[in-house]
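The values are calculated or read from the model by the stated rules, or taken from the named source; none is laboratory data. All values derive from a computational prediction rather than experimental measurement. In this analysis, Cβ positions are derived from the backbone assuming ideal geometry, glycine residues included, and neighbour counts consider all displayed protein chains. Side chains are part of the model used for accessible areas, which takes the heavy atoms of the whole protein and leaves out ligands, DNA and RNA. Shrake-Rupley method; radii C 1.70, N 1.55, O 1.52, S 1.80 Å.
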Amino acid sequence: MRPVLRALGLWLAIVAVFAAKTWLSLRLVDRAAPLADILAGELLTFAPWLPLAPLAFLAARRFPLVGPGRARHVLILLGVGVALALAHILLGVVLAALVSVDAAPLGELLERVRQTIPRAVGPHLVGYAALVAVAHALAFRRDADRRAAALEAALVRAERDRLRMQLHPHFLFNTLHAVSALMTRDVAGARRMIAGLSELLRVSLDDDDDDVPLARELEILGLYLDIQKTRFADRLTITLDVDPEAHAARVPKLLLQPLVENAIRHGVEPRAGGGTVGLAARRRGDRLLLRLRDDGAGLSPRAREGVGLGNTRARLEKSYPGDHHFSLAPHPDGGTLVDIDLPFRRG
(Lines give C-alpha, C1' and ligand atoms only; values in the text may rest on other atoms or scores of the structure.)
Protein backbone atom coordinates (compact mmCIF):
# COMPACT_ATOMS: atom_id res chain seq x y z
CA MET A 1 0.00 0.00 0.00
CA ARG A 2 2.83 2.41 0.81
CA PRO A 3 4.38 2.33 -2.71
CA VAL A 4 0.93 2.99 -4.21
CA LEU A 5 0.42 6.00 -1.94
CA ARG A 6 3.89 7.31 -2.78
CA ALA A 7 3.18 6.97 -6.51
CA LEU A 8 -0.17 8.73 -6.11
CA GLY A 9 1.46 11.53 -4.14
CA LEU A 10 4.11 11.95 -6.85
CA TRP A 11 1.41 12.08 -9.53
CA LEU A 12 -0.53 14.75 -7.63
CA ALA A 13 2.67 16.75 -7.16
CA ILE A 14 3.31 16.68 -10.91
CA VAL A 15 -0.26 17.79 -11.60
CA ALA A 16 0.14 20.66 -9.10
CA VAL A 17 3.44 21.77 -10.68
CA PHE A 18 1.99 21.86 -14.20
CA ALA A 19 -1.18 23.58 -13.00
CA ALA A 20 0.92 26.27 -11.31
CA LYS A 21 3.03 26.67 -14.46
CA THR A 22 -0.07 27.06 -16.63
CA TRP A 23 -1.68 29.53 -14.24
CA LEU A 24 1.48 31.64 -14.07
CA SER A 25 1.92 31.59 -17.86
CA LEU A 26 -1.63 32.82 -18.38
CA ARG A 27 -1.16 35.57 -15.80
CA LEU A 28 1.94 36.80 -17.61
CA VAL A 29 0.02 37.28 -20.88
CA ASP A 30 -3.04 38.78 -19.15
CA ARG A 31 -5.21 35.75 -19.88
CA ALA A 32 -5.96 34.78 -16.31
CA ALA A 33 -8.20 31.76 -15.78
CA PRO A 34 -9.72 30.26 -12.63
CA LEU A 35 -7.22 28.03 -10.87
CA ALA A 36 -9.89 25.35 -10.41
CA ASP A 37 -10.42 25.13 -14.18
CA ILE A 38 -6.66 24.92 -14.78
CA LEU A 39 -6.29 22.22 -12.14
CA ALA A 40 -9.18 20.23 -13.66
CA GLY A 41 -7.56 20.48 -17.09
CA GLU A 42 -4.22 19.23 -15.81
CA LEU A 43 -5.93 16.39 -13.97
CA LEU A 44 -7.54 15.31 -17.24
CA THR A 45 -4.20 15.64 -19.02
CA PHE A 46 -2.31 13.46 -16.58
CA ALA A 47 -5.14 11.12 -15.55
CA PRO A 48 -4.34 8.52 -18.28
CA TRP A 49 -0.91 8.01 -16.72
CA LEU A 50 -2.53 6.48 -13.64
CA PRO A 51 -3.30 3.19 -15.47
CA LEU A 52 -0.49 3.55 -18.04
CA ALA A 53 2.47 4.32 -15.75
CA PRO A 54 2.43 0.84 -14.10
CA LEU A 55 2.55 -0.67 -17.61
CA ALA A 56 5.60 1.47 -18.38
CA PHE A 57 7.32 0.32 -15.18
CA LEU A 58 6.41 -3.29 -15.94
CA ALA A 59 7.88 -3.04 -19.44
CA ALA A 60 11.07 -1.45 -18.12
CA ARG A 61 11.45 -4.21 -15.55
CA ARG A 62 10.74 -6.96 -18.09
CA PHE A 63 13.06 -5.55 -20.76
CA PRO A 64 16.00 -3.85 -18.99
CA LEU A 65 18.44 -1.75 -20.98
CA VAL A 66 21.43 -3.51 -19.44
CA GLY A 67 22.69 -7.02 -19.91
CA PRO A 68 22.11 -9.43 -22.79
CA GLY A 69 19.54 -8.58 -25.48
CA ARG A 70 19.88 -4.85 -24.92
CA ALA A 71 19.34 -3.89 -28.61
CA ARG A 72 16.18 -5.99 -28.81
CA HIS A 73 14.91 -4.53 -25.55
CA VAL A 74 15.39 -0.98 -26.87
CA LEU A 75 13.15 -1.75 -29.86
CA ILE A 76 10.56 -3.42 -27.63
CA LEU A 77 10.49 -0.52 -25.19
CA LEU A 78 10.18 1.94 -28.07
CA GLY A 79 7.20 0.01 -29.43
CA VAL A 80 5.61 -0.10 -25.98
CA GLY A 81 6.19 3.65 -25.67
CA VAL A 82 4.43 4.41 -28.96
CA ALA A 83 1.53 2.17 -27.95
CA LEU A 84 1.21 3.83 -24.55
CA ALA A 85 1.43 7.32 -26.10
CA LEU A 86 -1.45 6.46 -28.48
CA ALA A 87 -3.40 4.95 -25.60
CA HIS A 88 -2.79 8.13 -23.57
CA ILE A 89 -4.15 10.29 -26.41
CA LEU A 90 -7.22 8.09 -26.80
CA LEU A 91 -7.94 8.04 -23.06
CA GLY A 92 -7.48 11.82 -22.87
CA VAL A 93 -10.01 12.44 -25.65
CA VAL A 94 -12.50 10.01 -24.08
CA LEU A 95 -12.14 11.59 -20.62
CA ALA A 96 -12.60 15.08 -22.05
CA ALA A 97 -15.75 13.90 -23.82
CA LEU A 98 -17.11 12.32 -20.65
CA VAL A 99 -16.79 15.51 -18.63
CA SER A 100 -18.06 17.71 -21.47
CA VAL A 101 -21.60 19.03 -21.30
CA ASP A 102 -22.25 18.40 -25.00
CA ALA A 103 -21.88 14.82 -26.19
CA ALA A 104 -19.78 14.44 -29.32
CA PRO A 105 -20.45 11.79 -31.99
CA LEU A 106 -17.93 8.99 -32.49
CA GLY A 107 -16.67 10.42 -35.74
CA GLU A 108 -15.80 13.72 -34.10
CA LEU A 109 -13.97 11.93 -31.29
CA LEU A 110 -11.90 9.97 -33.79
CA GLU A 111 -11.09 13.21 -35.62
CA ARG A 112 -9.91 14.76 -32.34
CA VAL A 113 -7.68 11.75 -31.80
CA ARG A 114 -6.23 12.08 -35.31
CA GLN A 115 -5.55 15.78 -34.84
CA THR A 116 -3.99 15.27 -31.40
CA ILE A 117 -1.56 12.52 -32.41
CA PRO A 118 1.03 14.67 -34.31
CA ARG A 119 1.43 17.22 -31.50
CA ALA A 120 1.03 14.90 -28.49
CA VAL A 121 2.95 11.71 -29.34
CA GLY A 122 6.33 13.40 -28.84
CA PRO A 123 5.63 14.83 -25.37
CA HIS A 124 4.03 11.56 -24.27
CA LEU A 125 7.08 9.61 -25.45
CA VAL A 126 9.27 11.97 -23.43
CA GLY A 127 7.10 11.28 -20.38
CA TYR A 128 7.29 7.56 -21.07
CA ALA A 129 11.09 7.76 -21.39
CA ALA A 130 11.21 9.51 -18.02
CA LEU A 131 9.19 6.69 -16.45
CA VAL A 132 11.52 4.08 -17.97
CA ALA A 133 14.53 6.00 -16.63
CA VAL A 134 12.98 6.18 -13.16
CA ALA A 135 12.21 2.44 -13.28
CA HIS A 136 15.83 1.66 -14.17
CA ALA A 137 17.12 4.00 -11.47
CA LEU A 138 14.96 2.27 -8.88
CA ALA A 139 16.14 -1.14 -10.11
CA PHE A 140 19.78 -0.05 -9.87
CA ARG A 141 19.09 1.25 -6.37
CA ARG A 142 17.51 -2.04 -5.30
CA ASP A 143 20.39 -4.04 -6.78
CA ALA A 144 22.93 -1.79 -5.07
CA ASP A 145 21.09 -2.15 -1.75
CA ARG A 146 20.97 -5.94 -2.14
CA ARG A 147 24.67 -6.12 -2.99
CA ALA A 148 25.53 -3.86 -0.06
CA ALA A 149 23.40 -5.97 2.30
CA ALA A 150 24.97 -9.18 1.00
CA LEU A 151 28.46 -7.72 1.41
CA GLU A 152 27.67 -6.53 4.94
CA ALA A 153 26.28 -9.96 5.84
CA ALA A 154 29.40 -11.62 4.40
CA LEU A 155 31.67 -9.32 6.40
CA VAL A 156 29.72 -9.95 9.62
CA ARG A 157 29.82 -13.70 8.98
CA ALA A 158 33.56 -13.57 8.29
CA GLU A 159 34.14 -11.67 11.53
CA ARG A 160 31.98 -14.14 13.48
CA ASP A 161 33.90 -17.03 11.94
CA ARG A 162 37.19 -15.38 12.88
CA LEU A 163 36.03 -14.92 16.47
CA ARG A 164 34.74 -18.49 16.67
CA MET A 165 37.93 -19.96 15.22
CA GLN A 166 39.90 -17.94 17.75
CA LEU A 167 38.34 -20.09 20.48
CA HIS A 168 39.64 -23.39 19.11
CA PRO A 169 43.36 -22.85 19.73
CA HIS A 170 42.50 -21.15 23.03
CA PHE A 171 40.72 -24.06 24.68
CA LEU A 172 42.95 -26.55 22.81
CA PHE A 173 46.03 -25.03 24.45
CA ASN A 174 44.40 -24.97 27.89
CA THR A 175 43.21 -28.57 27.62
CA LEU A 176 46.55 -29.88 26.38
CA HIS A 177 48.21 -28.09 29.28
CA ALA A 178 45.85 -29.90 31.65
CA VAL A 179 46.56 -33.22 29.90
CA SER A 180 50.29 -32.75 30.34
CA ALA A 181 49.79 -32.09 34.04
CA LEU A 182 47.65 -35.22 34.41
CA MET A 183 49.92 -37.50 32.36
CA THR A 184 52.41 -38.15 35.17
CA ARG A 185 49.83 -39.20 37.76
CA ASP A 186 46.85 -40.58 35.78
CA VAL A 187 47.77 -41.91 32.35
CA ALA A 188 44.35 -43.48 31.78
CA GLY A 189 42.64 -40.21 32.67
CA ALA A 190 44.95 -38.29 30.35
CA ARG A 191 44.07 -40.66 27.53
CA ARG A 192 40.36 -40.14 28.19
CA MET A 193 40.89 -36.39 28.09
CA ILE A 194 42.69 -36.63 24.75
CA ALA A 195 39.88 -38.79 23.34
CA GLY A 196 37.29 -36.31 24.63
CA LEU A 197 39.24 -33.40 23.22
CA SER A 198 39.39 -35.10 19.82
CA GLU A 199 35.62 -35.61 19.82
CA LEU A 200 35.00 -32.02 20.98
CA LEU A 201 37.18 -30.61 18.20
CA ARG A 202 35.47 -32.79 15.62
CA VAL A 203 31.99 -31.70 16.70
CA SER A 204 32.88 -28.02 17.00
CA LEU A 205 34.48 -27.97 13.54
CA ASP A 206 31.83 -30.08 11.78
CA ASP A 207 28.95 -27.59 11.83
CA ASP A 208 29.19 -24.54 9.58
CA ASP A 209 26.30 -22.73 11.27
CA ASP A 210 27.07 -19.53 13.12
CA ASP A 211 24.40 -20.40 15.64
CA VAL A 212 22.80 -23.62 16.86
CA PRO A 213 19.83 -24.58 19.03
CA LEU A 214 20.60 -24.38 22.72
CA ALA A 215 20.06 -28.13 22.95
CA ARG A 216 22.95 -28.65 20.52
CA GLU A 217 25.10 -26.11 22.36
CA LEU A 218 24.50 -28.06 25.58
CA GLU A 219 25.61 -31.28 23.85
CA ILE A 220 28.88 -29.60 22.81
CA LEU A 221 29.29 -28.20 26.32
CA GLY A 222 28.74 -31.70 27.70
CA LEU A 223 31.76 -32.97 25.76
CA TYR A 224 33.89 -30.23 27.28
CA LEU A 225 32.55 -30.93 30.77
CA ASP A 226 33.40 -34.65 30.40
CA ILE A 227 37.01 -33.62 29.85
CA GLN A 228 36.97 -31.40 32.93
CA LYS A 229 35.31 -34.08 35.08
CA THR A 230 38.11 -36.44 34.16
CA ARG A 231 40.59 -33.80 35.25
CA PHE A 232 38.93 -32.63 38.48
CA ALA A 233 36.99 -35.79 39.43
CA ASP A 234 34.85 -35.11 42.52
CA ARG A 235 36.27 -31.58 42.93
CA LEU A 236 33.95 -30.34 40.16
CA THR A 237 30.16 -30.30 40.42
CA ILE A 238 28.00 -29.23 37.50
CA THR A 239 24.32 -28.30 37.81
CA LEU A 240 22.02 -27.64 34.87
CA ASP A 241 18.60 -26.01 35.17
CA VAL A 242 17.28 -25.51 31.64
CA ASP A 243 13.69 -24.62 30.80
CA PRO A 244 12.40 -27.14 28.19
CA GLU A 245 11.19 -24.24 26.03
CA ALA A 246 14.69 -22.81 25.98
CA HIS A 247 16.15 -25.83 24.17
CA ALA A 248 14.83 -24.59 20.82
CA ALA A 249 16.39 -21.12 21.08
CA ARG A 250 19.29 -20.47 18.73
CA VAL A 251 22.50 -19.21 20.30
CA PRO A 252 25.99 -18.51 18.91
CA LYS A 253 27.92 -21.75 18.63
CA LEU A 254 30.47 -22.26 21.44
CA LEU A 255 28.92 -19.44 23.45
CA LEU A 256 28.88 -21.36 26.73
CA GLN A 257 32.20 -23.23 26.59
CA PRO A 258 34.55 -20.26 27.19
CA LEU A 259 32.29 -18.97 29.98
CA VAL A 260 32.28 -22.36 31.73
CA GLU A 261 36.02 -22.66 31.16
CA ASN A 262 36.52 -19.26 32.77
CA ALA A 263 34.36 -20.29 35.76
CA ILE A 264 36.31 -23.52 36.24
CA ARG A 265 39.72 -21.93 35.78
CA HIS A 266 39.18 -18.95 38.07
CA GLY A 267 36.48 -20.28 40.40
CA VAL A 268 36.96 -24.01 40.89
CA GLU A 269 40.63 -24.72 40.14
CA PRO A 270 42.17 -22.39 42.78
CA ARG A 271 40.16 -24.00 45.60
CA ALA A 272 41.53 -27.15 47.20
CA GLY A 273 38.05 -28.49 47.72
CA GLY A 274 36.86 -27.62 44.21
CA GLY A 275 33.51 -26.04 43.62
CA THR A 276 30.25 -25.93 41.70
CA VAL A 277 29.37 -24.40 38.36
CA GLY A 278 25.67 -23.93 37.67
CA LEU A 279 23.97 -23.06 34.40
CA ALA A 280 20.34 -21.93 34.12
CA ALA A 281 18.38 -21.07 30.98
CA ARG A 282 14.90 -19.57 30.84
CA ARG A 283 12.56 -18.21 28.21
CA ARG A 284 10.84 -14.95 29.13
CA GLY A 285 8.48 -14.00 26.32
CA ASP A 286 10.60 -13.17 23.31
CA ARG A 287 13.87 -13.23 25.31
CA LEU A 288 16.28 -15.97 26.31
CA LEU A 289 17.95 -15.57 29.71
CA LEU A 290 21.15 -17.46 30.49
CA ARG A 291 22.81 -17.41 33.90
CA LEU A 292 26.12 -19.02 34.82
CA ARG A 293 27.33 -19.03 38.43
CA ASP A 294 30.30 -20.50 40.23
CA ASP A 295 30.92 -20.52 43.98
CA GLY A 296 34.65 -19.92 43.70
CA ALA A 297 36.85 -17.14 44.98
CA GLY A 298 35.16 -14.47 42.90
CA LEU A 299 36.60 -11.78 40.67
CA SER A 300 40.03 -10.43 41.40
CA PRO A 301 40.24 -6.61 41.30
CA ARG A 302 43.41 -6.93 39.22
CA ALA A 303 42.04 -9.58 36.85
CA ARG A 304 42.14 -8.72 33.17
CA GLU A 305 39.59 -9.92 30.64
CA GLY A 306 41.05 -12.85 28.74
CA VAL A 307 40.49 -14.24 25.26
CA GLY A 308 37.35 -16.17 26.18
CA LEU A 309 35.39 -13.30 27.74
CA GLY A 310 36.57 -10.71 25.21
CA ASN A 311 35.68 -13.07 22.39
CA THR A 312 32.23 -13.67 23.87
CA ARG A 313 31.50 -9.94 24.13
CA ALA A 314 32.57 -9.38 20.53
CA ARG A 315 30.54 -12.31 19.17
CA LEU A 316 27.40 -11.19 20.99
CA GLU A 317 27.78 -7.67 19.60
CA LYS A 318 28.19 -9.06 16.08
CA SER A 319 25.22 -11.39 16.40
CA TYR A 320 22.84 -9.09 18.34
CA PRO A 321 24.00 -5.49 17.85
CA GLY A 322 22.23 -3.32 20.40
CA ASP A 323 19.81 -6.12 21.34
CA HIS A 324 21.55 -8.12 24.04
CA HIS A 325 22.91 -7.84 27.57
CA PHE A 326 26.08 -9.43 28.92
CA SER A 327 27.36 -8.88 32.45
CA LEU A 328 30.04 -10.40 34.65
CA ALA A 329 29.85 -9.54 38.35
CA PRO A 330 30.57 -10.90 41.85
CA HIS A 331 27.73 -12.90 43.38
CA PRO A 332 26.52 -11.63 46.78
CA ASP A 333 27.00 -15.09 48.28
CA GLY A 334 30.46 -15.54 46.79
CA GLY A 335 31.75 -16.56 43.43
CA THR A 336 31.01 -15.02 40.07
CA LEU A 337 27.78 -14.49 38.17
CA VAL A 338 27.40 -14.18 34.39
CA ASP A 339 24.07 -13.00 32.96
CA ILE A 340 23.18 -13.04 29.26
CA ASP A 341 19.94 -11.71 27.77
CA LEU A 342 19.33 -12.52 24.09
CA PRO A 343 16.41 -12.42 21.64
CA PHE A 344 14.60 -15.74 21.57
CA ARG A 345 15.03 -17.05 18.04
CA ARG A 346 13.53 -20.45 17.46
CA GLY A 347 15.39 -22.93 15.29
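Structure values in brief
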| quantity | calculated |
| --- | --- |
| Inter-label distance for Val126 and Arg114, nm, one decimal - labels placed 7 Å from Cα along Cα-to-Cβ | 2.7 |
| Peptides ranked, highest mean first, by Cβ atoms within 10 Å: ranges 289-298, 253-262, 48-57 | 253-262, 289-298, 48-57 |
| Average accessible area per residue (Å²) across segment 214-347 - probe 1.4 Å, nucleic acids and ligands excluded | 47 |
| Accessible surface, per residue, of segment 10-90 when the full set of protein chains is kept, probe 1.4 Å, Å² | 63 |
| Contour excess over end-to-end distance, with Cα ends at Ser25 and Ala96 and 0.36 nm allotted per residue | 23.3 nm |
| Cross-link reach list, lysines versus Lys253, counting only Cα pairs under 23 Å and skipping chain neighbours closer than eight places | Lys229, Lys318 |
| Label point distance in nm, Arg142-Ala71, each placed 7 Å from Cα along Cα→Cβ | 2.9 |
| FRET efficiency, Leu78 to Leu44 (Cβ-Cβ, R0 22 Å, nearest 0.05) | 0.25 |
| Using θ = phi - 60° and Karplus 6.51 cos²θ - 1.76 cosθ + 1.60, couplings along segment 62-69 (whole Hz; Gly, Pro as x) | 6, 10, x, 8, 10, x, x, x |
